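What follows is a set of notes on a single structure, which appears directly below.
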Amino acid sequence: MTDKPRLYQVRIFLRQEFADAVNRGQTPKEIQPLLDILAHHKARIDHNQFNEFTDYVNNWKTADVPFPASEREALRDLTKKSLADPEKRSWFKREFTLSIEGVTMLDGDKADKLIADLQTLGDGAILIKGKAFAHGPGREVTPVRKTYVPRHHPGT
């Protein structure tokens, strides 16, 4: 029996002014180096965490997560509480999941190559270092692979 490869999400944190522009559907010329890296990997900015969390709160009963209903409800309540906090809400709007050819769950090799190129941008000009930049546990594991409901969401 062969183990399934572990899948990862790669997330970036944009500086506030760039996150605001991207969330409005704009692409400021200052983020062109980021867009060039994404194009090289056939990647794009897929969505921000605020939208993902809001979608989960609105659709928690039918969400595709491997938790019993009681745990999904607890996760919904925790997420809803986080979204009510203006500071956390602002943070979630700056955290973006990347996709390669429309796929957000990446194998480790693709994730590592994308992360390595993103690291060339450094910290601060466009990106604020985030979870995507650390190897190993720093890669975001797909929520489907998590086997627990955290007491506190990592972003809280």
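The values are calculated or read from the model by the stated rules, or taken from the named source; none is laboratory data. Keep in mind the model is a prediction, meaning the values are calculated, not measured. With ideal geometry, Cβ positions are generated from the backbone for all residues, glycine too; neighbour counts draw on all protein chains shown. Only protein heavy atoms, including side chains, enter the accessible area calculation; ligands, DNA and RNA are left aside. Shrake-Rupley method; radii C 1.70, N 1.55, O 1.52, S 1.80 Å.
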³J(HN,Hα) across region 82-87 via Karplus (A = 6.51, B = -1.76, C = 1.60, θ = phi - 60°), whole Hz, x for Gly/Pro?
-> 5, 5, 6, 7, x, 5
Inter-label distance, nm, simple model (7 Å from Cα along the C-beta direction), Asn59/Asp85 = 2.6 nm
Under 29 Å between alpha carbons - lysine pairs in region 1-93 that sit 8 or more apart or on different chains | 13
In Hz, Karplus ³J(HN,Hα) per residue of region 21-31 (6.51, -1.76, 1.60; θ = phi - 60°; x = Gly, Pro) = 5, 4, 5, 8, x, 9, 10, x, 4, 5, 9
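How would Lys110, Lys29, Lys42 line up by accessible area, probe 1.4 Å, largest first?
On the way: Lys110 90, Lys29 165, Lys42 135 Å².
My answer, sorted largest first, is Lys29, Lys42, Lys110.
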